[in-house]
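What follows is a set of notes on a single structure, which appears directly below.
The values are calculated or read from the model by the stated rules, or taken from the named source; none is laboratory data. Keep in mind that this is a model prediction, so the values were computed, not measured. Here Cβ is always computed from backbone atoms with ideal geometry, including for glycine, and neighbour counts include all displayed protein chains. Remember, those area values only see protein heavy atoms, side chains included, never the ligands or the DNA or RNA. Shrake-Rupley method; radii C 1.70, N 1.55, O 1.52, S 1.80 Å.
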Amino acid sequence: MKKKNTMNVKWLKRTLAVSAGCLICWNVSMDAAEWVSLFDGQKLDGWSQHGGSAPFTVEDGCIVGTTKHNAGGNSFLCTVRDYSDFILEYEYKVDPRMNSGVQIRSHCFPMPHTYTWNGKSWNVPAGRVHGYQIEIDPSARAWSCGIYDEGRRAWLYDLKDKPAAQTAFRQNEWNKVRVEAKGDRLKTWLNDIPVADLQDDLDSCGFIALQVHGIGSEAEAGREIRWRNLRIQDLESAAQAAGVEIAPSGAWTWYNDPRAIVRDGFLYAGYVRSDGAVCVTCYDLKTNERTESILSTWRERDDHDVPGFLELSDGRLAVLYSTHGSRQFMYMRYAKVKNPRTQEDWGDEIAVDWSAKKFRGGVCYNNPFQLLNEPNRVYNFIRGENWNPTLLISEDNGATWNDPIHLIYHKDRPYAKYASNGRDRIDILFTDGHPRMVDNSVYHVSIQGGAVIGTDGQPLGMLEQMAPLPTARGTVVYPFGSAYPKPEGTKDGRAWIWDISYDAQGSPIILHTVKAKEGDIRYFYACWDQSAKKWDSHEIAHAGAQLYKGEDDYVGGATFDPEHPHRIYISSEFSPITGARTVHRELYQGETKDGGKKWTWTAVTRNSPADNLRPYVPRKHGMESCLLWFTGDYRAYQNFETSIRALIEK
C-alpha cells in the first residue's frame, strides 16, 4: 500500500535578499564540495511554492507534482535559498502526456521587473517565476535537458540538431539529470549523455524550482511527475575583490562626512575597525604605501563612530568623531604635521564635554566644515538636541565652542546629510525621521550669509536667532508617497537620504531612496527645476532588498563624484545594465548627459566574493576617479567583518 503524505506547503514571500549561500566559482575542482541533499524524502522543509496552485506532495520518498485545471498558470516548488555556482543532480519520472522542467538561477519578485539584453527588453510581471529552465519533454519533440528561459527569452538551447541528445530520454522510466552551473557556462547531461552547453551571463544566481506546467482542460488534470535523489554541490568562490585594499578591517555609516579626503598626494580614509577602534589610514598615492593610526582611546564596535576630516584655514588637519550616542563627548585630534602618516604625527585626543547640555542619546555623527569667507569658524553638524540635527560652532578653529544650535526639529529623529561649496554656503538634506518610525519625506535648505534659506531662495530665519526649523518648513524634495503610495498597514513608500552634492552650475543635486514595497527599494535622483521652482525627483535604479533584517530601509548605498557632477556610484543587487540579480551587491558607475534624465551604466565590480557597500568619493580629489567602499560580511552596524577598498585612476 502506498503511503501518501499531502503536505501543506508553506507559501512564503520571497525577499530580494541574496542568501549567504550564493557562491561564485571560476577555477575549482568539480569534486571539491560535498553533496548536500535538497530533499530528505519526508518533508518539504526548505521549499516554498510560487506561481500556480498545482499541488506538490511527498509520496514514497519522492516529491510528486500533479497537474490541476485552473491552477493559475505554471506552478513552482522553489528552494527558499539561492544558489550560484553548483552541480545539481536529480532523477525524475514523468507522465508522457505532460510537460515540466527544473528551474535554476531563477527568481520571483514582488514588483514588476524589467530586463535588458542585447538591445531588447523583457517585462516580467510581479509574482512571475522566471529564469533558466532545464526542460523535461516526454513528447515526440524530445528536447529534455535543453535550456529554456522561463518568462523571458524562451529557448536558449534547443535540441533541433542534437539527435544523440534527443534519444537520451527514457519514456516511463527514471531519468537522471546532471547540471553544472559555473560562471556563465551551463551544461546538462541526461542519463550520462551530454546535452546542452550554453554560455549566457544574464543570471548569476537564484533559486532552484520544480515545475508543474499549467494545463488547458479538466481532462489533463491528475497527471504526475516525480522527483527523487535531489542533491547539490556548492562550488567554492575563487573571485577576487576589485581595487586596492586601504584597510584590512573597517566600515562606516553614511552620516559622517568628509569620511575621506585627498591632501598633497595622500588619501586619508577614516573608519571603525571590527574591534571598535576609530582609525585613519594614510595611503600614499605615489608609492601605494599605507599606514594606520588609531584615533580613539576607547573602543566601541559601531560603524556610526567614523570620523569626519577638516582642513583648517590655518593649514592644519583636524579630525572629529564620537560614539553612537553612548557618551556626551565629541572627540578631536589635530595633526602635528601637515601630512600625518604615523601615529606619532597625531596630537593627543581632546574630549569636548557636552554633558551639561544633556543631549538625548548623547553626541552622534560629526560633519565639520569651514567657509573661505569665514576664516577660523568651524561648523560641525551632529545629532544632539532631542536626537535632532544640531550645529556646533567654533570661532577659533575648534579650540572653544559656542552653545549648540538646535537646527531642525521633529518629534522623531531627522536624518541629515551636508555638503558645502567651501566658499559661502552649506546645504542640508534631511528627513522627518527614521523610516522605521515615520512616513518620511525628503527636504532641503541651505545656510548662506548667516541665514537658513529654502531652495527657492526664500529666507527662513537667521541661523543664531531662529527657533528650531520644523522639518515640514524645508523645501520638499520628495513628498512621501508620491511615487509609491503606502498600502494600509505597511511601511512602504518611505524615503531615506544618501548624498547631496552640486551640479556644474553649483546647484544642489540629491540621491535618495524610496521603499516601493517590502523587499524592493529604489534609488532616486533629484535636481532643482529653477523655472518651475520645485524639485524634480525621479527613479533611476533598483537598490534591491534591505541589507539586513531589522533595518528595512538599509541598502548598499549611493554617492556622487563631486569632481564629476554627472557621475554617481550605486551599490545594488540588481545590475542596472541588464536588470539581472547578482550573487552579491556590486558597484556601478552611472553617467548622465542630460541632467539626470537618462543614465549610462558601467559595472565597477563584477562577480565579487562579498557585498560591496556604501561607496564614497572624497571631495576635491583632483583625479579621474577616487572611489572608496567597504566589502565583506556586514551583518549589522555593530557586527561586521569588512575591509576598506579603493579604486583610483589618476
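Tell me the per residue accessible area of region 188-311 using a 1.4 Å probe; a whole number in Å² is fine.
With all protein chains present, region 188-311 gives 33 Å² per residue.
Tally up the carbon and sulfur contribution to the accessible surface of the chain as a whole percent, 1.4 Å probe, everything protein left in place.
48 percent
What number in nm² do you get for region 524-636 if you take the convex hull of its Cα atoms and divide its surface by four?
8.1 nm²
So if each residue of separation counts as 0.36 nm, and I subtract the Cα-Cα distance between Ile393 and Asn70, what length gain in nm does that give?
Computed gain between Ile393 and Asn70 is 109.4 nm.
Can you give the local net charge around Arg360? Use residues other than it whose beta-carbon is closer than 15 angstrom to its beta-carbon, Lys and Arg +1, Asp and Glu -1.
+4
Per-residue counts of other Cβ atoms within 10 Å, averaged by peptide: what ranking do you get for 155-163, 64-72, highest first?
64-72, 155-163
Assuming a ≥ b ≥ c are the square roots of the Cα gyration tensor eigenvalues, decide whether region 214-365 counts as rounded (a/c under 1.5), prolate (otherwise, with a/b larger than b/c) or oblate.
Prolate, since a/c reaches 1.5 and a/b exceeds b/c.
Report the normalised scattering of region 77-215 as log10 I(q)/I(0) at q = 0.17, 0.19 Å⁻¹, calculated by the Debye formula with identical scatterers on the alpha carbons.
For the requested q values the scattering log ratios are -0.92, -1.14.
Any idea how far the Cα center of region 420-446 sits from the one of region 533-563, in Å?
Here the answer is 14 Å between Cα centres.
Taking the alpha carbon gyration tensor of region 333-374, what are the square roots of 5 times its eigenvalues, largest first, to the nearest whole Å?
After diagonalising the Cα gyration tensor, the semi-axes are 26, 17, 9 Å.
Starting from the Cα-Cα distance between Glu624 and Asp60, subtract it from 0.36 nm times their residue separation and give me the gain in nm to one decimal.
Extra length from Glu624 to Asp60 when fully extended: 196.6 nm.
Could you check how many percent of all C-alpha pairs in region 295-358 are farther apart than 13 Å?
So the pairs more than 13 Å apart make up 64 percent of the total in region 295-358.
Tell me which of Ala580, Ile497, Gly557 sits at the most positive position along the dipole axis of the chain, charges placed on C-beta atoms (Lys, Arg +1; Asp, Glu -1).
Farthest along the dipole direction, towards plus: Ala580.
Quick one: P(r) of region 505-571 from all Cα-Cα pairs, 10 Å bins, percents rounded to integers, in order of increasing distance.
20, 45, 27, 8, 0
Which value does Rg/Rh take for region 77-131 over its C-alpha atoms, Rh per Kirkwood?
1.04
What percent do you get for the relative contact order of region 434-561 when only Cα pairs under 8 Å and 6+ apart count?
Value for region 434-561: 20 percent.
How large are Rg and Dmax for the chain when calculated on the C-alpha trace, in angstrom?
28.0, 91
Give the share of C-alpha pairs in each 10 angstrom bin for region 410-473, from 0 to the last occupied bin, in whole percents, shortest bins first.
Per 10 Å bin, starting at zero, the Cα-Cα P(r) for region 410-473 comes out as 22, 51, 24, 3 percent.
With label points built 7 Å along Cα→Cβ from the Cα atoms of Val337 and Glu649, find their separation and express it in nm.
Taking the two extended label points, one gets 3.3 nm.
Quick one: accessible area per residue over region 506-650, 1.4 Å probe, rounded to a whole number of Å²?
I get 34 Å² per residue for this part.
Considering only C-alpha atoms, what is the centroid distance from region 260-276 to region 35-57, in Å?
So the two Cα centres are separated by 49 Å.
With a Förster radius of 30 Å, plug the Cβ-Cβ distance of Thr114 and Gln199 into 1/(1 + (r/R0)^6) and report the FRET value to the nearest 0.05.
0.80
Choose one of Leu267, Leu285, His304: the residue whose Cα lies farthest towards the positive end of the charge dipole of region 267-316 (beta-carbon charges +1 Lys, Arg; -1 Asp, Glu; about the Cα centre).
Checked the options; the winner is Leu285.
Points 7 angstrom from Cα along the Cβ direction at Arg153 and Ala472: gap in nanometres?
Rounded to a tenth, the inter-label distance reads 5.1 nm.
Taking the Cβ of Arg290 as the centre, find all other residues whose Cβ is under 9 Å away and add up their charges (Lys, Arg: +1; Asp, Glu: -1).
Cβ neighbours under 9 Å give a net charge of -4.
What is the magnitude of the charge dipole of the chain about its Cα centre, with +1 placed on the Cβ of each Lys and Arg, -1 on the Cβ of each Asp and Glu, and no other charges, expressed in debye to the nearest 20?
Charge dipole, the chain, about its Cα centre: 1180 debye, nearest 20.
For Trp174 and Ala603, what is the calculated FRET efficiency with R₀ set at 41 Å and r taken between the beta-carbons, to the nearest 0.05?
Computed FRET efficiency for Trp174 and Ala603: 0.45.
Give me the tail of P(r) for region 175-241 as a percent: Cα-Cα pairs with distance above 18 Å.
57 percent
Starting from the Cα-Cα distance between Met462 and Tyr548, subtract it from 0.36 nm times their residue separation and give me the gain in nm to one decimal.
26.9 nm
I need the calculated FRET efficiency for the pair Ala241 and Asp503, taking r as the beta carbon distance and R₀ as 41 Å, to the nearest 0.05.
The value I calculate is 0.80.
Where Rh denotes the Kirkwood radius from the mean inverse Cα pair distance, what is Rg over Rh for region 468-530?
Computed over Cα atoms, the ratio is 1.02.
Running Debye on region 370-513 with equal point scatterers at the Cα sites and no solvent, what base-10 log of I(q)/I(0) appears at q = 0.18 Å⁻¹?
-1.05
Express in whole angstrom the spacing between the alpha-carbon centres of region 625-645 and region 497-518.
22 Å
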